[in-house]
2 protein chains.
Amino acid sequence: KSDWKVIVLVLSRPVKDMESRASTYPMLPVDEALEIVLQEAKSLTIGTRTVALHEALGRTLAEDLLSALDLPQFPASMKDGYCLKVDELEKTEGKTYNVVDTVLAGRDVSDLPETIPVGHVYKIMTGAPIPKSCNTVVMVENTTLLDSDAEGNEISISIQTPEIHEGRDVRQVGSDIKEGEVILKRGETIRATEVGLLSSCGISSVQIFHTPAIGVMSTGDEVKDPSNTSSLLPGQIFDANRPMLMAMLRQFDSALTIKDCGIVEDESKVLFNAIQSAFDSVDILITSGGVSMGEVDLVKKWMEDNGKVHFGRVLMKPGKPLTFATLERDGKKKLMFATPGNPVSSYVTSVLFVLPCIRVLLGKENAKHPVVEAKLKHSIRLDPQRPEYHRAT
Amino acid sequence: KSDWKVIVLVLSRPVKDMESRASTYPMLPVDEALEIVLQEAKSLTIGTRTVALHEALGRTLAEDLLSALDLPQFPASMKDGYCLKVDELEKTEGKTYNVVDTVLAGRDVSDLPETIPVGHVYKIMTGAPIPKSCNTVVMVENTTLLDSDAEGNEISISIQTPEIHEGRDVRQVGSDIKEGEVILKRGETIRATEVGLLSSCGISSVQIFHTPAIGVMSTGDEVKDPSNTSSLLPGQIFDANRPMLMAMLRQFDSALTIKDCGIVEDESKVLFNAIQSAFDSVDILITSGGVSMGEVDLVKKWMEDNGKVHFGRVLMKPGKPLTFATLERDGKKKLMFATPGNPVSSYVTSVLFVLPCIRVLLGKENAKHPVVEAKLKHSIRLDPQRPEYHRAT
């Protein structure tokens, strides 16, 4: 782990040796490069804010949440049926019971008598509170209606189940969640089931982490926007990277602020101004193009002159020219990822480096991508030197 | 497969036998119940529309898309380096070459001469078009600069690689995509990489399937909204289901139209009006509560009176009381899922039945959930009769 800290130091003063014709940036293994990115991301401050629960879907919790109540708050019936008082393992089969009242869900049962006479039951519905005189529930399917009055109100029933015990089909107070219990922790993602859990505990607003603002820029004289131009001049190509990376970010987290920084030509003044002004409104800038060994690889030059380049080549295929720098703007730290112009390279490097970086900023515990072992359906001839990254389905 | 068709027929005229005290709805296996839902969903018409590519993320394509162009449109250099004309396996090591010009990306090379003299090269950048006089590329790392003029323009280089062959590091016309090739098919989901692919082919708008409008309603006198009430009266509970199911739908597909149909009390006139008016604006209604064996299970009654109930019980735990009906409104077919009031039951049945149903409406080929085998970390005592559904992480 101490190795790469030295490398970073060396990297911060890159010198281009034009004679040797090879990049002077050492090729960092993917793991080392990612570790640098994650460390740098940790010192960015993004902040938190409080939002209504329904706006918190997919966001990361910035606080521990405790339940202010027991769940359920009252002993509740788990079935439609009858509630009664039994001693342990009472024989009930074939016995007759008088139905004294019906308890619907939502009823306040505190006004009901403290005791219920032997041989009497309340009819009770799922979710309704168990009167304090009762301690068990028999579901309707295990009973027979014996008698009812002219309006159809039940008078008496018999029970078909051999014996019933105390607490059967009763949800006890606090059996799901106890008052004061931590129900969700800082750093957890709020998904649909968490929304349900919080709502059932009466929580209607939560503190979440802000999301970073991320800019996406394509560079290159030859790159054209298909929504502006329907046909290309010789040598030109349609821009794939900017719409693709913006879509990838939106797909990853729809709450991110994503800024379209346009297609910028390979002219140093124009390009440098575009990058400068992008950083007025973004925390992270992703560019594509201009980082290879070419004469107009101005993006890398801007990074060297205006920030601290942490690495300029990565031992991977595709994506070798990926360059990562940090810079300061008005006392605030900003990150810049310069990805190669090839769409596959740009996509792979953005997925492998930018997404884990965003996860750190969002307050996630596990920022790195999960690793899944898979079996290839066909063999692949691998690059002898660089680990390869392929799309798998 | 013919079995359940008969069952559907029987189910369409359900009779509640109050004496037997058990539901008269047969308990359908999950697979059979799901098959009914998917069949019914197939006859709902949702329609298509054309949107800008950046609005199509996550949507389902309603048309086959063909590329209008070859990709690349011109032979392009894959490296920064030099292009030249070679005969097969030409020995190049140590040979000296004169640099005649530099070809940047985006340049129109049609004005360059048809032939290049032996011993001459163009300097060329990644993505730049190969002049028609050349047929191969040598990357800059495999060359040495021998001579340059006062302004730094290169005059001559030597090549360090032993032999090079025709087409090396050249992306040939149409090698990625051929003109007229189907690049995406109807029913495919447009994700970030598809956005990149379509954009690089110059496609800026696409025809997608409409998304259905889905309403979510909680029922029950005891159910209260935590954003309206911070404390509960005895017997009351906070609503978990409606915010949870709405979040689940949004999480599943943010393009769905999701309608909050509120919390409705167990009073037949109020409830029936609420369901009726919900169907004015939704294709699918999901309710929770009111489908068990209780006295106020009015949701099931509304379905029986106003639609065709396809099943009223499912052999599963939790979720047994799940009820599914179809109905007609102004000549348009609508679907209704009445889930149990318990949050876990409501969630499980919505995930297992409603999501695959939505996938059918979105034009997906594989509507069913993928099945993944998993190893339990602890043993579970299973229900002897009903297959159980548990949350796994």
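The values are calculated or read from the model by the stated rules, or taken from the named source; none is laboratory data. Everything quoted here is computed from the prediction, not taken from an experiment. Cβ coordinates were reconstructed from backbone atoms using ideal geometry, including for glycine residues, and neighbour counts include every protein chain displayed.
For A:Ala128, the criteria (1) modelled with pLDDT under 95; (2) loosely packed, with under 13 Cβ neighbours inside 10 Å; (3) of a type in the set (A, V, I, L, M, F, W, C) hold in every case but one, which is (2).
Scanning the range A:68-127 for residues that are within 14 Å of chain B (Cβ to nearest Cβ), touching a residue at least 60 places away in the same chain (Cβ under 8 Å) and not in a strand (DSSP E or B) returns A:Ala68, A:Leu69, A:Asp70, A:Pro72, A:Gln73, A:Phe74, A:Pro75, A:Met78, A:Lys79, A:Asp80. Quick check on B:Ile284: is it among the β-branched types (Val, Ile, Thr) and under 25 Å from B:Tyr25 (Cβ atoms)? Taking the combined requirement at face value, the residue satisfies it.
Any chance the range A:256-266 includes a residue that's without any contact (Cβ under 8 Å) to a residue 60 or more places away in the chain and hydroxyl-bearing (Ser, Thr, Tyr)? Yes. Looking at A:Ser254, A:Ser268, just one residue is of a type in the set (S, T, N, Q) and closer than 23 Å to B:Leu197 by Cβ, and that residue is A:Ser254.
Set side by side, the residues B:Ala41, B:Ala62, B:Ala56 differ, and just one is away from chain A (no Cβ under 14 Å), of a type in the set (A, V, I, L, M, F, W, C), over 16 Å from B:Gln172 (Cα atoms) and crowded, with 22+ Cβ neighbours inside 10 Å, which is B:Ala41.
For the range A:140-196, the set of residues classified as closer than 19 Å to A:Phe74 by Cα, crowded, with 16+ Cβ neighbours inside 10 Å and of a type in the set (Asp, Glu) consists of A:Asp169, A:Asp176, listed by residue number.
Before we move on, is A:Phe252 within 26 Å of A:Thr229 (Cβ to Cβ) and aromatic (Phe, Trp, Tyr)? It is false that A:Phe252 is within 26 Å of A:Thr229 (Cβ to Cβ) and aromatic (Phe, Trp, Tyr).
Across the range A:128-157, the number of residues qualifying as more than 15 Å from A:Lys85 (Cα to Cα) and not in a helix (DSSP H, G or I) comes to 16. Counting the residues of the range A:48-80 that are on the phi > 0 side of the Ramachandran plot and in the same structural domain as A:His165 (by TED's automatic domain parsing) gives 0.
With respect to the stated conditions, B:Pro234 fails to be facing chain A (nearest Cβ under 7 Å) and buried (at least 21 other Cβ atoms within 10 Å of the Cβ). Count of the range A:156-204 residues, restricted to those that are of a type in the set (Ser, Thr, Tyr) and touching an Asp or Glu at 6+ places or on another chain (Cβ under 7 Å), is 3.
Against the conditions (1) more than 21 Å from A:Ala213 (Cα to Cα); (2) buried (at least 23 other Cβ atoms within 10 Å of the Cβ); (3) away from chain B (no Cβ under 14 Å), A:Ser345 satisfies every one except (3). The residues of the range B:188-210 that are out of contact with any helix residue (DSSP H, G or I) (no Cβ under 9 Å at 6 or more places or on another chain) and within 8 Å of chain A (Cβ to nearest Cβ), listed by number, are B:Cys201, B:Gly202.
In the range A:334-372, of all residues being in a loop (DSSP other than H, G, I, E, B) and polar (S, T, N, Q), the one that is modelled with the lowest pLDDT corresponds to A:Asn366.
Against the numbered list (1) in contact (Cβ under 8 Å) with a residue 24 or more places away in the chain; (2) at the interface with chain A (Cβ under 7 Å from one of its Cβ atoms), B:Ser227 comes up short only at (1). Here B:Phe272 clears all of (1) modelled with pLDDT of 95 or more; (2) farther than 27 Å from A:Leu69 by Cβ; (3) within 7 Å of another protein chain (Cβ to nearest Cβ) except the condition numbered (3).
The residue pairs whose first member lies in the range A:135-159 and is away from chain B (no Cβ under 13 Å), whose second member is β-branched (Val, Ile, Thr) and surrounded by 17 or more Cβ atoms within 10 Å (Cβ to Cβ), and whose beta carbons are closer than 8 Å, counting only pairs six or more residues apart or on different chains, are A:Asn135/A:Val86; A:Asn135/A:Val170; A:Thr136/A:Val86; A:Thr136/A:Ile164; A:Thr136/A:Val170; A:Ile155/A:Val99; A:Ser156/A:Val99.
Checked against the criterion of being surrounded by 18 or more Cβ atoms within 10 Å (Cβ to Cβ), facing another protein chain (nearest Cβ under 9 Å) and in contact (Cβ under 8 Å) with a residue 40 or more places away in the chain, the candidates A:Asp239, A:Asp221, A:Asp253 yield just one match: A:Asp221.
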